[in-house]
Structure formats: structure tokens, C-alpha cells
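A quick write-up on the structure given underneath.
The values are calculated or read from the model by the stated rules, or taken from the named source; none is laboratory data. The structure displayed is predicted, hence computed values, not measured ones. FYI the Cβ positions are ideal-geometry reconstructions off the backbone, even for glycines, and counts take in every protein chain you see.
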Amino acid sequence: MQNRNVINLMTMQKIAQILFFVLFSSSIFAQNSKKINLLDDKLIHWYKWMGVPHTSVQGLPVGTAKGDGMNGMPMGMNDPKQVFKVMTLNNEKVLRASGEIYGGLTTKAEYQNYHLQLKYKWGTKKWEPRLNLPKDCGIMYHLTGTNEDAFWSTFLMGIECQISEKNSGQLFLIPNKNYSIRPCAEVTVGEDTTWNVNAPLKFKGGYTTFPNHYANRSENFEGNSTEWTTIDVYTIGSAAVHLVNGHVVMAFQNAGIQKADMSITPLTKGKIQLQSEGAEVFYKDITVEEITDFPSDIKKLSGLDFAQKWKLGVGLWTFHTPLNPSENDIKTFNTSSVAEQLEIAGKTELKYVEGFSFSKAGKEFKDSVLMNLSASGIKKLGELVKAKGLKMESIYITGGKIVADWKRDFEIAKALNVRYVAAEPPVNMWNSVDSLAGIYGIKVAIHNHWKGVSVYWHPDSVLVALKNHPNFGACPDLGHYPKSGINPVDALKKLEGHIIGIHLKDIAEYNKPDLKDVPLGTGIIDFSEVFKELRRQHFNGNIIIESDVEDNGKGSNLASVNQTIANYHKVLKSLQIQK
């Protein structure tokens, strides 16, 4: 009992030292942005945390608890067998992880926006409980939480770049000890869960069906067991790329931590951990360097040049006036039908459209509005969109004053298979609308009008709505902000991490609510700065052109939309973003 107390006292002293170093070194990048060598004789950048020894491990101090290697009492900061040890191998300084006991060598500091590089090669030894399995370890990063709450009481919660025979570069999303908090990310993978830059983007990890917590690397580029293999991990914001021997094998975006209430907090930084996991492995040349963006070639190969993925489209409201309106149409504000709106949209180069729930459906639907159509009518409408070669990934909905009105609109959105709805829900219905959005699996992108018209005129009011409503996001209308004296770029910065879609329009002056919009590039908004800010945020959603005024009273807005498209491409080209 006395020996155990001595050990506990020593452990407490070590913990106090670690806490001091963590606090002292947590801002290491802020002080020095140069490349940092993380491997030295005393491992000054790291601390050890050992898991549960397998029952087969010999030579441990008397009384050490053992188990299956995963469940039980961890050894903590005690490493009597020197599982992690700096040594000289072929005249080079290397770190040996014996693999005999599961454990993690973890940085004292957190890192954000960096390039991590190391080299590894396998040793000859293997241990239980992986004696008959492929050699395995990994690089953990963006780690958060405590060692006591770690997976298998060993590996901190976060993201893993797997190092494994024939599978290095895989993505694993490691939860906390009881799975109550789970990392998640979006990855382009095929049906076999293999990363492919051209595959659909899929949600991995979080509260999805287990085992949806990993994605396979694209190909095997490892050296043989006697050669050093180089691993690179590049991370910017909530996106990251894995390279094996210089080849991009994995990329993901929108990493986050998902809780049981389904809310997601972006995951952009954390500690780094090297694993010991049943096989002898040697690491060398371990460096980390702060970066501000992915290298251009890696960005392209990984599909993380998000501006390349922006989905430019048009709001069908833009074409609410018929293409060739009569004088009576103009006088009576006769609106076009969805079929007519789609017909005009088809005359542009755009492939994406945003519907609106109060649109007139057309004669074949007895001129009913969308929100009143039957299920069969909505299905027929979806088929019409598809037949025009268009995609409707969003729809503006009005909801109403009671839950039934919002349920009706979510039913329509679900039937049309949209990704999100743009809306301006009343404050007293935030909880109900958020709940419906969760039930239907459709995000609500809160849209803004100007001051005096909309409660959401200021980005701060949108942020208030987003708090504790995990299914809410933002749909900034760039042309409406200047009407309230707000610079759109400043608004975008405030809404970072929450933007689902964009409404794109320009305006001629600030603080003039009565002004109508103008084509992009002909007003006062600096779209070069707008697009640079969206690119910096790694926005990768829908940008919807919208116009409130008819082209010189001639209807349709087709000419102004085409002018906006041309100027949009012109600005992107000036930023060296090729669409």
C-alpha cells in the first residue's frame, strides 16, 4: 500500500510538470513559425501515456494491473519497459516504439494549420493482442479530451492517419472512451469506402452506423519493410490531406466533434500523438511547420481547392416574371410558373437552381403554388427539374406561424431531395424548426433581408439563432447587407464555419434600402475580397445568383444573370481560380 502511494505521488508530480509544459508551450506557433524538429534525446516536446498491458507482458513492476491490452487500468505516465525510447540506428537518431504495450507519445502543445512529416519503418517484433494481425500503429492529430477519457484508456479522441502494412494513409475517426463524443468528417469515397477525389462526398464518423468511422486510402505507396516510408499530414482549418511517399492517398473536409444532441463543433487543432500498437516501429525526421494554405499541387490533387467545387446556380425567384411579359402581366404582377422559370434557367450555362415554396406551379398543376401541391405533384415537379438537366439542391421556404406550416414545407423539401432550405424562421419557433430539420435531415440556412424588414439583418442576429440549434446554418444574402450599412466581407467573417449557401447579388450604394440590385461587378461590393474570404474559409457550397428587379422592365432577368455569370468568371480568373 505504501509503494502504491509513492507511485501515485510521483505520478501527481509528473502530471503537474506536464501541465506546466502544456501551458508554457501551447502557443508555440505564435512564437516561432519555422519548422520545428520534434525528435530529440529527451523528448522535450512530448509526454508518454501507457495503456493496459496485455496479460502476456512480462517484467512489469509487481502489482501492475493487466488485461486484454484495451480494457482495464492504464499504466498512465509510467513506462518501465521503455516502450518509447530514443536510440541510434545506423548512425541516425530514431524513436523506437516497441509495440509491446499500447501507448501514445503525445505532444505537450496543440498545433493548428501545419505540415507534419516523419519517416517510419517496421521492426521485427510483434505482440499480443495483434500477434497474428498486420503490423499497425498510427499518427493521431487534432486530439482533444483527457487521457483518462481516451479510447481504450490510451488513444486520445481525434483523427488518425493510419500506419499499417499495405494500408498506410487510411483515415480513422477515434471517439472518446464511451463513444459519447465522436469525431466526424466529410470524405469523397466510393461504395467500397476507398478515397477517390472524384467520388461523392460522404459523412463519416459521428453518430452514424458503426463502423462508418474510417475511409480506406486510395492506393498502396509504402516502401518494403526494410525501407523508410515518408508520411506527410497537411492540415488547414477543418480539412486535411495524407501523403505516403509523396502521393496523395486521403483527403477530407469539415472535420468536427459531434455530440449526442447531433451538434457539431469544427475540429481545427489539437495535440499530435504517435502510437505503440502491437508492432515494433521506428520513427525519424519528425518535423512540424506552420502553413497558411495547402501547397497548390496538393490542393488540386486532393480536391481541396474549394473554389473549384463552388456550385454556381440561380434562384428561380429571379425569373418570377415571364420571359416575354405582356403589358397586362407587368401591370398585374403576373408571375411565371416553375416550368417557365426552369425554361429560362436552361438558357444559361448554370446547372443548379433554387426553388421557392410560394412559386406558381403552372397550368398542369391548376396554377397551385408549390406549398399546396400533393405528394404526386411534388414528385412530378422533381421529374421536371431533372428532365431540364438541372439540379435543385435548395429551396426557399416561408414556413408559417404554426408547426404544421413548417412541417408541410419540410415535406416538400424532402420530396425534392434538397440539401438545405433557406428560410427566416420566427424567433418563437426556433426550437420547433430546428427539431423538424433534424427529423427530416435537412439543414436550415438562415437568410437575411435588410434592417427594418428582417430580424436577421445583422450577422450577429443569425449567430444568436444558431446557438443551441445544431441544424441551423447561414445563407448570407450579399446584396442585402449593404442596405443596412454592413460590408458583406465583414458579415462573412462573422459567420465563418456556419455558411451553407450564398445568395449572390450586387448593389449600387450603402444604406439605401429602397435600391434594387444590379449585376455582379457593376455595384459597390468588392467581389474579389468576397471570393478570397470564401476561399479562405474553405466554403464549398452553393452560390445562388438572385435578382429582385426585372431587366429594364422587360422581364425575366436573363440578361443580368448572364452578365453576372460572365463577371463571376472574370473575378475568379483574376484570382487564378479556374472554373
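Key figures
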quantity	calculated
Output for the stretch 224-237, where each listed residue is modelled with pLDDT under 95 and either assigned by TED's automatic domain parsing to the domain that holds residue 540 or within 16 Å of residue 115 (Cβ to Cβ) (or both)	236, 237
Count of residues meeting criterion [over 20 Å from residue 542 (Cα atoms) and not hydroxyl-bearing (Ser, Thr, Tyr)] in the stretch 410-450	14
Selection within the stretch 162-207 - closer than 30 Å to residue 67 by Cβ, of a type in the set (Ser, Thr, Tyr) and not in a strand (DSSP E or B)	168, 179, 180, 207
Scope the stretch 125-153; condition β-branched (Val, Ile, Thr) and at pLDDT below 95; matching residues	144, 146
Residues that are crowded, with 18+ Cβ neighbours inside 10 Å and in a loop (DSSP other than H, G, I, E, B), drawn from the stretch 131-148	135, 145, 147
Only listed residue being closer than 30 Å to residue 507 by Cβ, free of Cβ contacts under 8 Å to residues at least 24 places away in the same chain and of a type in the set (Ser, Thr, Tyr), chosen from 376, 461, 454	461
Residue 159 in a strand (DSSP E or B), in contact with a strand residue (DSSP E or B) (Cβ under 6 Å, 6 or more places away or on another chain) and surrounded by 23 or more Cβ atoms within 10 Å (Cβ to Cβ)	yes
Counted residues, the stretch 167-202 - those being closer than 16 Å to residue 260 by Cα and of a type in the set (Phe, Trp, Tyr)	1
Residue within the stretch 449-470 that is closer than 23 Å to residue 313 by Cα and modelled with pLDDT under 95 present	no
Residue within the stretch 267-286 that is of a type outside the set (D, E, K, R), more than 26 Å from residue 164 (Cα to Cα) and either in contact with a strand residue (DSSP E or B) (Cβ under 7 Å, 6 or more places away or on another chain) or surrounded by 15 or more Cβ atoms within 10 Å (Cβ to Cβ) (or both) present	no
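Results for (1) crowded, with 18+ Cβ neighbours inside 10 Å; (2) under 25 Å from the mean Cα position of the chain (by Cα), shown as yes or no for each residue.
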{"position": "407", "(1), (2)": "no, no"}
{"position": "437", "(1), (2)": "yes, yes"}
{"position": "447", "(1), (2)": "yes, yes"}
{"position": "450", "(1), (2)": "yes, no"}
